Amino acid sequence: MTALDWPTDFGRTEPAERTRNNHYGATVRETVDDLETEFDRLNADGWQLATAARHQKQNPKYPYADASPDDPGAVVRWTMNGRRYAVACDAYSRLRDNLRTLYLYVHEKRKMEQRPVKTGESEFANARLPSGEDGTDALVAREPPHEVLDVAPDADAAVVEAAARRLKKRHHPDAGGDESRFKRVVDAEEAMLNE
């Protein structure tokens, strides 16, 4: 196994906080192929996948199919229009789920970027890395609300509230939990209930 090249200022999920995701059925190879397609559609100048798993020598973008590294996180870096970008995910206990989450993020952002809606910035603005090499001011791509709560995207209000209640209890700062994780749960619940 190799060490994961995680961006300097990107926060990490504590191993005990990682959850299993049973919503994705895609394999690692299918997801890497899907990422390749997305970056082709974006006309990206190039992209790289970093994981702690061993990658194939002939196809370095592909981790071995049975990859199960101790660190299941994944990072995708790319260049587009002369700017560098990166997104990372280590919220799940399996590499394939973190990879699929990255693919879905890039896919959804690309689709939003194509809409004729005018906004102040590119949809990828929050994934843009600073121009300097030191990695300062880099932003982490946030999980969609349903993934924070580990519920289906179309879960009804009762399911959302129950999942949020369980997670708020686990992550509440007064009970020794992580305040930033607690806030993400609160924000995710609010976002899903207000859709």
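The values are calculated or read from the model by the stated rules, or taken from the named source; none is laboratory data. All of these numbers come straight from a predicted model, not from anything done at the bench. So basically every Cβ, Gly included, is an ideal-geometry build from the backbone, and we count neighbours across all protein chains shown.
For region 1-19, the set of residues classified as assigned to a loop (DSSP other than H, G, I, E, B) and under 14 Å from the mean Cα position of the chain (by Cα) consists of TRP6, PRO7, PHE10, GLY11, ARG12, THR13, ARG18, listed by residue number. Just the residues that are part of a strand (DSSP E or B) and touching a residue at least 40 places away in the same chain (Cβ under 8 Å), please, taken from region 50-59. Those that are part of a strand (DSSP E or B) and touching a residue at least 40 places away in the same chain (Cβ under 8 Å): ALA50, THR51. Among the residues examined, ALA16 qualifies as out of contact with any strand residue (DSSP E or B) (no Cβ under 7 Å at 6 or more places or on another chain), at pLDDT 90 or above and over 23 Å from GLU108 (Cα atoms). Residues that are out of contact with any Lys or Arg (no Cβ under 9 Å at 6 or more places or on another chain), basic (Lys, Arg) and either on the phi > 0 side of the Ramachandran plot or surrounded by 13 or more Cβ atoms within 10 Å (Cβ to Cβ) (or both) within region 158-182 comprise ARG166, LYS168, listed in sequence order. Within region 150-195, being in contact (Cβ under 8 Å) with a residue 60 or more places away in the chain and either of a type in the set (Asp, Glu) or not in a helix (DSSP H, G or I) (or both) holds for ASP150, ALA152, ASP178. Checking ASP5, ASP9, ASP66, ASP45 one by one, the residue that is under 16 Å from LEU102 (Cα atoms) and outside the structural domain of GLU179 (by TED's automatic domain parsing) is ASP5 and no other. Would region 52-64 turn up any residue that is aromatic (Phe, Trp, Tyr) and out of contact with any helix residue (DSSP H, G or I) (no Cβ under 6 Å at 6 or more places or on another chain)? The answer is yes; a qualifying residue exists. Within region 20-39, the set of residues being aliphatic (A, V, I, L, M) and part of a helix (DSSP H, G or I) comprises VAL28, VAL32, LEU35. Counting the residues of region 25-49 that are crowded, with 17+ Cβ neighbours inside 10 Å and either farther than 22 Å from TRP6 by Cα or in contact with a Gly (Cβ under 7 Å, 6 or more places away or on another chain) (or both) gives 1.
Taking the criterion of being outside any helix (DSSP H, G or I) and under 11 Å from the mean Cα position of the chain (by Cα), the residues of region 73-100 that qualify are GLY73, ALA74, VAL75, VAL76, ALA86, VAL87, ALA88, CYS89, ASP90, ALA91, TYR92.
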